[in-house]
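Heads up: the structure comes next, in structure tokens.
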Amino acid sequence: MAALAAILSMVEKICNERFGAPDLLARSPGRINLIGEHTDYNMGFVLPAAIDKAIYMAIRKRDDNSIHLFAADLEDTFSAEVNSLQYSEKHWPNYIIGVVDQFQKAGLVIGGFDAVIAGDVPLGAGLSSSAAVECVAAFALDRLFALGLDRREMVLYAQRAENEFVGLQCGIMDQFASMLGKKEKLIRLDCRSLAFDYIPFDTSEIDILLLDTGVKHSLASTEYNLRRQECEEAVRIIKKSYPDVDSLRDATPGMVNECLSQCDSTVYRRSRYVVEEIQRVVDGCADLTAGDLLAFGEKMFATHTGLSELYEVSCPEADALVNMARDDDAVFGARMMGGGFGGCTINIVRKGYSGQLISRIEKQYLQQFSRELKTYFVAIDDGTSLV
């Protein structure tokens, strides 16, 4: 709580000094995803949750059409005009002005504003700091200009901002989890219908431990978008034999083997992983409902194997961290989390054993990769809100 108070105080103070008193303060959290990676843009199921690390925004109206932004963590400024928004080579402002762009395309009236952002979501760690920025921007602008949007509408605008303005063809999971998270609950989300429900997740006997590879990834890289294109190619081929298949959500393992096993081996591997992962989410939710954390944890390990060997979005560091955790009886499950090519592994660890696990893995990781291992404990928290 002290750290949170310090961030809020800093954001408000900087806004006062640079622009004037803020009209409101808002926050939007990062997210974890227990299982269901790269299934969201394939219209499958995911199981994310909001966490107790967030992006904070102090924002105030202007009486002109200028936008002035300050990223406190980067000590960087950005300015633009509401009616002439363009992609910024600085990159970070695009997550905010991309939301403004989407609002304008929908006919919503946005005036000028000043905003300061800061947060404690580790950047590049696979915790969706970008979605948190988009969601806090959407929420703060909705409140500031009385747009009357509901949370699902804001989620869709935030996702489109990343798809169309930033240029990453992400699914909807990250923004949905950030906006609609609830304390101590997982979100079982159907990414096709957007139907969802909350699954209670008791963490009294476990820790959610993130191990940071220290390898930074750029989700807007060609590799992420290429995975989506490969999945779309798989659907195109399967659809020739099965016209009702509109996404890999509709495909079965039998269809994948029949239609793709003799085709491009890369497309076959990608689609096989996705179809198997969608089923793992369904089965994993059943495990959690039954209170079988061991069975759920085995599915997390299986997810990582698929991400590494079939989807090929892992990295040697993440593979090593998962294998190190797999050797420990106190670890229920572990896997790479996020878009891939770096970031964190998520580990479900029996309460009271995380300290010795970290001590062991820190030494092994330093020895193997000559890199200090960063670790984070996270708790499941509420989604986007005013502060």
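The values are calculated or read from the model by the stated rules, or taken from the named source; none is laboratory data. Since the structure is predicted, the reported quantities are computational estimates derived from the model, not experimental observations. Cβ placement follows ideal geometry from the backbone for every residue including glycine, while neighbour counts extend to all protein chains displayed. Accessible surface areas use protein heavy atoms only, side chains included; no ligands, DNA or RNA. Shrake-Rupley method; radii C 1.70, N 1.55, O 1.52, S 1.80 Å.
Which condition number in (1) closer than 30 Å to Ser314 by Cα; (2) modelled with pLDDT of 95 or more is the one that Leu144 fails? Exception for Leu144: condition (1). Among the strands (runs of 3 or more DSSP E) confined to segment 44-119, the ones with at least 3 residues that are over 24 Å from the mean Cα position of the chain (by Cα), at pLDDT 95 or above and surrounded by fewer than 19 Cβ atoms within 10 Å (Cβ to Cβ) are located at 76-81. Pick from Arg360, Arg335, Arg350: which is at pLDDT 95 or above, open to solvent by 10 Å² or more (accessible area, probe 1.4 Å) and closer than 23 Å to Ile35 by Cβ? Just a single option satisfies the conditions, and that option is Arg350. Taking the criterion of being out of contact with any helix residue (DSSP H, G or I) (no Cβ under 7 Å at 6 or more places or on another chain) and surrounded by fewer than 18 Cβ atoms within 10 Å (Cβ to Cβ), no residue of segment 123-132 qualifies. Residues of segment 289-300 that are open to solvent by less than 30 Å² (accessible area, probe 1.4 Å) and touching a strand residue (DSSP E or B) at 6+ places or on another chain (Cβ under 6 Å): Gly297, Met300.
Residues of segment 168-185 that are open to solvent by less than 30 Å² (accessible area, probe 1.4 Å) and either farther than 20 Å from Arg27 by Cβ or without any contact (Cβ under 8 Å) to a residue 12 or more places away in the chain (or both): Leu168, Cys170, Gly171, Ile172.
Quick check on segment 4-11. Is at least one of its residues farther than 30 Å from Glu309 by Cα, touching a residue at least 40 places away in the same chain (Cβ under 8 Å) and surrounded by 24 or more Cβ atoms within 10 Å (Cβ to Cβ)? Among the residues of segment 4-11, at least one is farther than 30 Å from Glu309 by Cα, touching a residue at least 40 places away in the same chain (Cβ under 8 Å) and surrounded by 24 or more Cβ atoms within 10 Å (Cβ to Cβ), which makes the answer yes.
Kindly list the number of the only condition in (1) touching a strand residue (DSSP E or B) at 6+ places or on another chain (Cβ under 8 Å); (2) farther than 23 Å from Gly338 by Cβ; (3) outside any strand (DSSP E or B); (4) open to solvent by less than 20 Å² (accessible area, probe 1.4 Å) that fails for Cys135. Single failed check for Cys135: (2). Consider segment 193-224 and keep the residues that are of a type outside the set (A, V, I, L, M, F, W, C) and crowded, with 16+ Cβ neighbours inside 10 Å. The one that is modelled with the lowest pLDDT is His217. Screening Asp142 against (1) in contact (Cβ under 8 Å) with a residue 24 or more places away in the chain; (2) over 22 Å from Asn42 (Cα atoms); (3) not polar (S, T, N, Q) leaves a single unmet condition, (1). Filtered by the rule that a residue be of a type in the set (Val, Ile, Thr) and part of a helix (DSSP H, G or I), segment 232-284 gives Val235, Ile237, Ile238, Val256, Thr266, Val267, Val274, Val275, Ile278, Val281, Val282.
Look at (1) closer than 20 Å to Ile32 by Cα; (2) in contact (Cβ under 8 Å) with a residue 12 or more places away in the chain and you find that Ala286 fails only one, number (2). The number of residues in segment 301-332 that are among the polar types (S, T, N, Q) and open to solvent by 30 Å² or more (accessible area, probe 1.4 Å) comes to 3.
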